[in-house]
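Each remark here refers to the structure printed beneath this line.
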Amino acid sequence: MYLFFAVLIALSGTDGIASTGYMEPDQVLIDIVDVQWAPWTSVSPDFQNWLLRFRQINPSIEELAQDELKLAGMRFSPQTFAPGRSRRFVALSLMRYPEIETVEISGLPENPRILSTSWSPDGSRIAFTNETPEGVELWIIDEGSAEARRLTGPVLSLTANEWPEWLSDGSGIICCIIPFDNGEPPVENSVPSGPVIQETTGVEAPARTYQDLLENSYDEDLFEYYLTSQLSVVRMDGSIDKVGEPGIIWYYSPSPDAEYILVSQLMRPFSYMVTAGRFAELIEVWDIEGNPVFEVADFPVRDAIPIARGSTFEGPRSIVWRSDADATLCWVEALDRGDAGAEAELRDRIYWLDAPFDSEPAELFELRSRFGGIEWGNDSLAIVYEWWWPTRNLKAWRIRPGQPDSEALLLVDRSMEDRYGDPGTPRTRFNSRGKSVLVTSTDGISIYLAGEGASPEGDRPFLDRLDLSTLETERLFHSQPPYYEQPLRFINDECTKFMFVRESVDEYPNSYVRDLSSNTDVQVTFYSNPVTVLDGMHKELITYKREDGLDLSATLYLPPDYDAEDGPLPMVMWAYPQNYRSASAAGQISGSPYEFDYIGWWSPLVWLTQGYAVLDDPAMPIVGEGEEQPNDTFVEQLVMSAQAAVDEVVERGVADPERIAIGGYSYGAFMTANILAHSDIFAAGLAMTGAYNRTLTPFGFQSEDRSLWEAKDVYIEMSPFMNADLIDEPILLIHGDADSNPGTFPMQSERFFAALKGLGGTSRLVMLPLESHIYKARESILHVLWETQGWLDRYVEGQQ
């Protein structure tokens, strides 16, 4: 502790500016940061092979320092035409099932940086993208021989985040490539050609606070240059068939029969107020040669969407192929002009149109609230979802696509907030064309539902079979203590075998296969916990009440060597507030006492290694029922919840009330600053990547739909910046200086710190170079832990 602050004082000048390089925390924390977790698993469509994908641990700050363009809400590398901050896979291997035999893949690129992987529809091949210094290559792996080979050179364009996709017959892979005649990128003229002018003419066009927007004509030219690509089909011999002409391809989707392609292109004029997803857009159906055969929509810039949650734009949206048909296009159109704040009996209508797209679209279904998605099964079965934010209502309907005049059957009608009442989500599988469809029983009468199984005892995941003729359910699987078991997917057509993950407090998650016919399990993976330093820690799901009677819960952790006779410990409390429209839903238990805890730099559990107790995710519900909005009493409820959590751990004798820190990330950082401003409950605060002045997000934030001008008092009271004079506890502020998250501009922390400094507060501002909303570089992560460790030692542990 004393060494930390000796170094800190030595590195700081009299003006409080620290001139320091990256620092490292205790070795035990470094070891946690450098842990290699088990690989991610992708199961083949025929269930016979499991692709094991090993992730890059943490990139270096040198890697983050490579050139990155930030245009229209997007970030990508101008050298490789690939997203700049996606986690790469650095190794692949195959596991055969049911032999449970690992097979090494030969021919992989040297030092691979794999961005994506995808199985062919028949499971015989795997496509993957590999980033090199020159660009992104397309590779395939032959499942039978476990051999990899390169299909293309570094020519792929992934700037729009559209990944290669298999044609349904497996004959080729559709993707975007860099045009061969692309030329050199635009060069900025250092002499301005004139002012940048925007104009409004009386039409309301509210916009949330987006980052990385276009700012001038040079940005527009850069955006057009790097987003322009050539849609192409790469064949298995490496040949490339061009599809259509180059354009700003925003997304594409081949039809299930591989005869057509749904193509979206962005068009000029662009916008300086919204991100690329709202730019002018032309959506068409092309044949496989690239000839347009049907225009779905031609949108102008969509910058006038109301801010009320559930608002959208007019015209076709959610445009998809019906996954169980050859080439049937489906889309949704708003019937309320897209304004969720307007009164309307009907909100949305679903349309569909069969190839060759030369007739009028047919109406499939009308909704009284907002469309939430559709899952296809067959002509007798599809499930349509709708939701409505003001009431938090969710509905699911069974419809018969082959009989559009038949009456829909209501399957679900519940509150989205009611975790206890969640009946589960229908299971899906990939059909022979590689498209997602509903899993049904062999007789076609039943579907299967899997859910978290929330209950007063915590989450207990389940798998049910739902008879669609009677709406009666049969429970096939239910997680049993002391395990937390999650059913994932069926691995045979008869739906008698399914994969699930089993874990416990002491057991690392591993995959199993359950045979329902014999009620037996076979373990498939055998991973062990790579973080053993906290083996034997105490974990307990605790419940308590708020002053107003609301039920709350949290998970309490104590160090492995803790003994009650040791007395109360210093504590770190880490939380994130949630808004609710129902007090009963707000009081429901979330999480499970039997889940395994992944302990990485992001987890407050790392502080157990330093002798702190940890209260993780203490409930901070903000409830507004009836006419009252949750945020109308945000501060009062926040303080009540925090006080209740502290009272509970103090009463249990595990925490010293004078040595408790409150902390959080993003909205949790906003919460932390508010609690310190409006109470004296905590010794110190840890606020990472937060927003502190809500007048800088004037058209809504988080779950707040009202604008600043509709709820001025709420915005001001909820802004820690406006109440900085009330903060008399030390607060550590950490922020990435390249934060791209809407609302959490780096300026939020800089201005908040300036206010605290000007008012004589105790604070430290740490701006992490090149980091966005989620910190990536190993050097940054270690420095964050060093800063936090020192802050806790001085202002929490040191308050004895």
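The values are calculated or read from the model by the stated rules, or taken from the named source; none is laboratory data. Remember, it's a predicted structure, so these values are computed and weren't measured experimentally. Reconstructed Cβ throughout: ideal geometry from the backbone, glycine too, with neighbour counts over all protein chains shown. These accessible areas exclude ligands, DNA and RNA; they are computed on the full protein's heavy atoms, side chains included. Shrake-Rupley method; radii C 1.70, N 1.55, O 1.52, S 1.80 Å.
So, in Å, what gap is there between the alpha-carbon centers of the range 538-560 and the range 393-462? Comparing the Cα centres of the range 538-560 and the range 393-462, I get a distance of 32 Å. Computed from backbone phi, the HN-Hα couplings of the range 371-376 come to 4, x, x, 9, 10, 9 Hz, rounded to whole numbers (Karplus: 6.51 cos²θ - 1.76 cosθ + 1.60, θ = phi - 60°; Gly and Pro given as x).
One compactness figure for the chain is 0.99, namely its Cα radius of gyration divided by 2.2 N^0.38 Å.
For the chain, the relative contact order is 9 percent, taking Cα pairs closer than 8 Å that sit 6 or more residues apart in sequence and dividing their mean separation by the residue count. Full extension of the chain between residue 470 and residue 188 yields a length gain of 94.8 nm, computed as 0.36 nm times the residue separation minus the alpha carbon distance.
Pairs of alpha carbons in the range 140-179 separated by more than 13 Å make up 63% of all such pairs. In this label model, residue 516 and residue 709 are separated by 5.7 nm, measuring between points 7 Å along each Cα→Cβ vector.
Amide H contacts of residue 372 (H built 1.01 Å from N, in plane; Pro and chain starts excluded): 385, 386, 387 sit under 5 Å, all sequence-distant by 5 or more or on other chains. Quick one: net charge around residue 721, please, counting Lys, Arg +1 and Asp, Glu -1 for every other residue with C-beta under 10 Å from its C-beta. After counting each charged neighbour, the total is +2. Separation of the range 314-354 and the range 769-800 by C-alpha centroid, Å? So the separation of the two Cα centres works out to 47 Å.
With respect to the chain, whose longest principal axis is taken over its alpha-carbon atoms, helix 667-678 is tilted by about 30°.
Relative to one another, the C-alpha centroids of the range 68-139 and the range 574-596 are positioned 36 Å apart. Amide H contacts of residue 132: 137, each under 5 Å away and 5 or more positions distant or on a separate chain (H built 1.01 Å from N in the peptide plane; Pro and chain starts excluded). Straightening the chain between residue 218 and residue 545 buys 112.0 nm, computed as 0.36 nm per residue apart minus the Cα-Cα spacing.
Helical runs assigned H by DSSP (4 residues or longer) give the chain a calculated mean residue ellipticity at 222 nm of -4000 deg cm²/dmol, each run adding -39500 (n - 2.57) before division by the residue total.
For the range 483-575, the equivalent ellipsoid built from the Cα gyration tensor has semi-axes of 37, 20, 10 Å, listed from largest to smallest. Cα axis of helix 634-651 to longest principal axis of the chain: angle in degrees, 0 to 90, nearest 10? With both axes taken from Cα atoms, the answer is about 60 degrees. Along the range 233-238 the Karplus relation, 6.51 cos²θ - 1.76 cosθ + 1.60 evaluated at θ = phi - 60°, assigns HN-Hα couplings of 10, 8, 8, 6, 8, x Hz to successive residues, with x for each Gly and Pro.
Taking trypsin sites (Lys or Arg not before Pro) across the range 340-370, the ones in a DSSP loop with at most 15 further Cβ atoms lying within 10 angstrom of their Cβ are 368. Anisotropy class assigned to the range 29-71 is oblate, per the alpha carbon gyration tensor with a/c at or over the 1.5 cut-off and a/b no larger than b/c. Taking only the Cα atoms of the range 34-144, the ratio Rg/Rh comes out at 1.01, with Rh defined as the Kirkwood radius.
Sparse packing (at most 14 other Cβ atoms within 10 Å of the Cβ) combined with a DSSP loop state is found for the following GluC sites (Glu not before Pro) in the range 115-221: 134, 188, 199, 204, 215. Applying 1/(1 + (r/R0)^6) with r as the Cβ-Cβ distance of residue 358 and residue 680 and R0 = 60 angstrom yields a FRET efficiency of 0.25.
Taken about its Cα centre, the range 618-728 carries a charge dipole of roughly 460 debye when the Cβ of each Lys and Arg holds +1 and the Cβ of each Asp and Glu holds -1. All other residues whose Cβ lies under 11 angstrom from that of residue 796 are scored, Lys and Arg at +1 and Asp and Glu at -1, for a net of -3.
Using only Cα atoms and rounding to the nearest 10 degrees, what angle (0 to 90) does helix 778-795 make with the longest principal axis of the chain? Compared with the principal axis, the helix lies near 30 degrees.
Please identify the chymotrypsin sites (Phe, Trp or Tyr not before Pro) of the range 653-727 that satisfy two criteria: DSSP loop assignment and at most 14 other Cβ atoms within 10 Å. Which are they?
709
3J(HN,Hα) along the range 713-729, derived from phi through the Karplus expression 6.51 cos²θ - 1.76 cosθ + 1.60 where θ = phi - 60°, amounts to 4, 5, 4, 6, 5, 7, 8, x, 4, 6, 10, 4, 5, 8, 8, 10, 9 Hz, with x in place of Gly and Pro.
Note on residue 60: accessible area approximately 40 square angstrom, rounded to 10, probe 1.4 Å, nucleic acids and ligands left out.
If you bin all the Cα-Cα distances of the range 308-364 at 10 Å, starting from zero, the percentages per bin are 24, 45, 24, 8. Between the amide H of residue 578 and those of 620, 622, distances stay under 5 Å, these residues lying 5 or more places away or on another chain, with hydrogens modeled in the peptide plane. Computed about its Cα centre, the charge dipole of the chain is approximately 340 debye, with only Lys, Arg, Asp and Glu carrying charge at their Cβ. Determine the sum of side-chain charges near residue 770: Lys and Arg each +1, Asp and Glu each -1, restricted to other residues whose C-beta is under 12 angstrom from that of residue 770. Net of charged neighbours comes to -4.
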